[in-house]
Every structure is written in structure tokens, then in C-alpha cells.
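Below: one structure, written as C-alpha cells.
All of the numbers you see were taken from the coordinates with simple rules; none came from a lab. The structure presented is a predicted model; accordingly, all values stated were derived computationally and were not measured. Note that each Cβ is placed from the backbone with ideal geometry, even for glycine, and that neighbours are counted across all protein chains shown.
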Amino acid sequence: MGSIEAIGIDAITFSVPRSYLDLGDLAVARGVAADKYRLGLGVSQMAIAAADEDPVALAAGAGSRLLAASGRDPSEIGFCAVGTETAVDHSKPVSSYVHGLLGLPSRCRVFETKHACFGATAALLSATEWIASGAARGRAALIIASDIARYEIGSPGEPTQGAGAVAMLVSERPRLLELEVGRTGSFARDVHDFWRPLHRKDALVDGKFSVECYLDALGHAYRDWQEQAAGGEPLVRTCYHVPYGKMAHKAHRVRSSVDGLDEAAADRDFELTVAPSLRFASQVGNIYAGSLYLALASLLHAEAAALEGRRIGLFSYGSGCAAEFFAGRVAAGAAAMVARLDLGAPLAPGARARLTIPAYEALRRDDASADRRASEVSSERPFAFLGVDPAERRRYMSGILRDG
């Protein structure tokens, strides 16, 4: 890395749709006990995207907020990658739209990454290696995870939906998290645990098998990471990929078993080392590629001051499957940066509206025609999808979209 002393996450923010569904309301509508969702899944609310809130609009919203809150000018960005499994085009990447909407420089590497929920991690690791190689020449990378998790109404996956985007600025001398570049544990295997055919917006999943694949990949990736990072300081916190909160609980038991802990000890450790990272996810639900990084934002929001100078682990999993375990050290002064970023703002009281069950079901029934109906929606969000034109080109509003 030459004279580069540290590389990592300089800033992080996220955006969510303007509406959410309370899982208690869904439980009543589906005739099940509320605790089956709230305790069984570890989720109390899930964000629901409207027609004008597609992955591009969510990504641009998160990226715009990131640049403003971090004090970075768009001219400082030389790398823009979006990890998503909710692509809007088979050729033109989400990142290309974001590049234009945010006014990023033309001298910029722009692409989209896809490997189910692993896509954003692939982008993040590519960005750190880009900086480490010297190719960045002092510039920063904008990495965004943007996804909408949809399952059919009444299906087993219905209570594990969600939507949102997490944006991260990756740079030298990061103000939040210094990553251990080049020291990761990897695992990959060709499996069919989760898939979304090209003609569908709803995902298909072999639920039990997918959980097995996730946990197996974690064990392998963690052991590989231990070999790369032997002799380092212990991890004081761990963030996991969180399709739902209880998945992190299962993951921590597996990781703890590799460390020689029994389930009782793992459960006690979970409350201290993992639970603080799950608070945002419990209010947003599953955001696929952004789930791990929403967990990181939640952890920093809760405990940045106590964690400065200390080492944390991160585990990323993408169905199909690919996994990576890596670590970083919370930067000195991170608490002040977290306060500046105001990470909890998108979930503050009054920031979102609670959907009724009929309103939610109407949105979901109309998913197939969303591209044609987006222009009918009036939004006061700074970025909005306006639908497709006669040549099938997607159109977006950058600024405030109002009635008339």
C-alpha cells in the first residue's frame, strides 16, 4: 500500500421508503400470534416501497445524504459501485443512474455487482483494493447497497420483506472503520438456495436449505479468516448478514462453536456482542445486500464511543453462494462522526407512515405494473422513479417532485 496508512469506511448513511408495515398488523391479518414474527423473526416493522421508490431512487437518496452529511464533494469520488439483486435493467447498471443523479465526475469507475446479498461486499472489497493499489490517487469510493425484498402475499417469506439502501464512503484515513485490507476469509459453493428468475420480481427460496447454506458458509469463512488473522486482538463485536434478526442469533451460535463455546455461553455473549447491531434491522426488515451494513450502522449508532480503537468482525453471505468474513477497527473519533451523520434520522418518529393492511396489499398487487404507474405517485423525496418512456428508458426526478 506504499504510504497509505489506513483504508476503510469513512462515512455511512441509509435511506428507506416513506412507509412501513407493522408486523403486529400483519400477524392479525394472517391469523398468527404477533410473537411469531416479532420474537420468532426478530422483526417488528418492515419497510415497503411504493412505485416511485425503486432501487435507483433509494440508492440516490442514500448517496446524496452520505455526501451531504460527510462533507464530501462529488468531485472527490473516483469509484461508484452499487451492489444489488434488484437490478432495473439487464445491461444498464443502477450505478450509472446514480452517477448521473448525484453529479459524480466523468473520470470515475462505475459498475454494478451482483451475487445475491453478497453484492455490496464484493463492491466494498474491490474499492479497498482499488485504493490500496494506488489507482485511487487520493480519491474516494462511493459504495451503495440497494434492494427491495419482495415475497408473495400470504407466502412463508411475506414477513421477511423490506427495502432500503445503505451508502458508504471508502477512503484513506477513514473516520469510522479501518478495514484489515487483504485479510479476509472466503467461501463459495454452487447451490440453489434462493433465486429470482428474470421474469419475476418476487424471489423464490428453499428456506430451510438456505439457512443451512448460510450457516455452513459462515463456518468455513470464519475458519479461513482465523488462519489469515491469527494472533490478532479478539473481536469485541460482530455484525452479520441479517435477513431477519433471529438469523444473526443462529449465526453467532455457529461462530461461537468454532471458538469452543457451547450454546448457553454463545447466547450470553450474543446480547453483548451482536444485539446492538440489530436495532435498525428490526424496524426496516430485510434489505438483502445492505443488511450487513445496516447492522454496522446500527452498531455504530449505539456504541461508537465505547468501541473506538477496538476490533469488530463482519460476516457477509450471498445465496448461490458466496461468503466473506473480515474485520476492522473502529477509528478514534468515530463517535463524533456518527453524531454528525445522524444515523437514526430515517427511522425517527414521524419520518415514515404506517401502512394499513389494505394499502400494503394494494401496493404489492400492483408491483407488476409499477414501472407504468410511477409517474402517478406524488413524492416529496429528493429522488423519485417516474416510469418508463415509449423507448423503455427509465426516467427519474432529481429534486423535489410535487403535485402538478
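Identify the GluC sites (Glu not before Pro) of the stretch 148-231 meeting these criteria: DSSP loop state and at most 16 other C-beta atoms within 10 Å of the C-beta. Working shown, then result.
On the way: sites: 152, 172, 178, 180, 212, 227; in loops: 152, 180.
Counting only loop positions with at most 16 other Cβ atoms within 10 Å, the GluC sites (Glu not before Pro) in the stretch 148-231 are 152.
With the largest listed first and rounded to whole Å, the semi-axes of the equivalent ellipsoid of the chain from the Cα gyration tensor are 30, 27, 19. Here the spin labels are modelled as points 7 Å beyond Cα on the Cα-Cβ line, and at residue 264 and residue 228 they lie 3.6 nm apart.
Which of the DSSP-defined H helices in the chain satisfy a minimum axial length of 15 Å, computed from C-alpha atoms, and a minimum mean Kyte-Doolittle hydropathy of -0.5?
Within the chain the helices that satisfy the rule are 55-70, 119-132, 291-307.
Each of 155, 84, 104 was placed along the dipole of the stretch 7-398 (beta-carbon charges, centred on the mean Cα), and the one lying farthest toward the positive end is 104.
Comparing 91, 133, 15 in a Gaussian network model of the chain (Cα springs below 10 Å), the most mobile by mean-square fluctuation is 91. The modelled label-to-label distance for the pair residue 186/residue 32, using points 7 Å beyond Cα in the direction of Cβ, is 3.7 nm.
Candidate cross-link partners of residue 250 among the lysines, defined by an alpha-carbon separation under 23 Å and a same-chain spacing of 8 or more, comprise 36, 208. List the trypsin sites (Lys or Arg not before Pro) within the stretch 86-141 that fall in a DSSP loop (any state other than H, G, I, E or B) and whose Cβ has at most 15 other Cβ atoms within 10 Å. Answer by residue number: 107, 137. With the Cα gyration tensor of the stretch 13-127 giving a ≥ b ≥ c as the square roots of its eigenvalues, does the rule (a/c under 1.5 for rounded; else a/b larger than b/c for prolate; else oblate) give rounded, prolate or oblate? It is prolate, given that a/c is not under 1.5 and a/b is the larger ratio.
Applying both filters, DSSP loop and at most 15 other Cβ atoms within 10 Å, to the GluC sites (Glu not before Pro) of the stretch 1-79 gives 5. A straight Cα-to-Cα reach below 17 Å connects residue 246 with the aspartates and glutamates 35, 158, 212, 216, 263, 267, 269, 271, residues fewer than 8 places away in its own chain not being considered.
Most simply put, the stretch 7-398 has about 70% antiparallel DSSP beta bridges, counting only bridges with both residues inside it.
In terms of its alpha-carbon gyration tensor, the stretch 80-148 comes out oblate; a/c meets the 1.5 threshold, while b/c is at least as large as a/b.
Label-to-label distance for residue 362 and residue 89 is 3.2 nm, based on points extended 7 Å past Cα in the beta-carbon direction. Between 282, 70, 106, the GNM of the chain built on Cα springs shorter than 10 angstrom shows 106 fluctuating the most.
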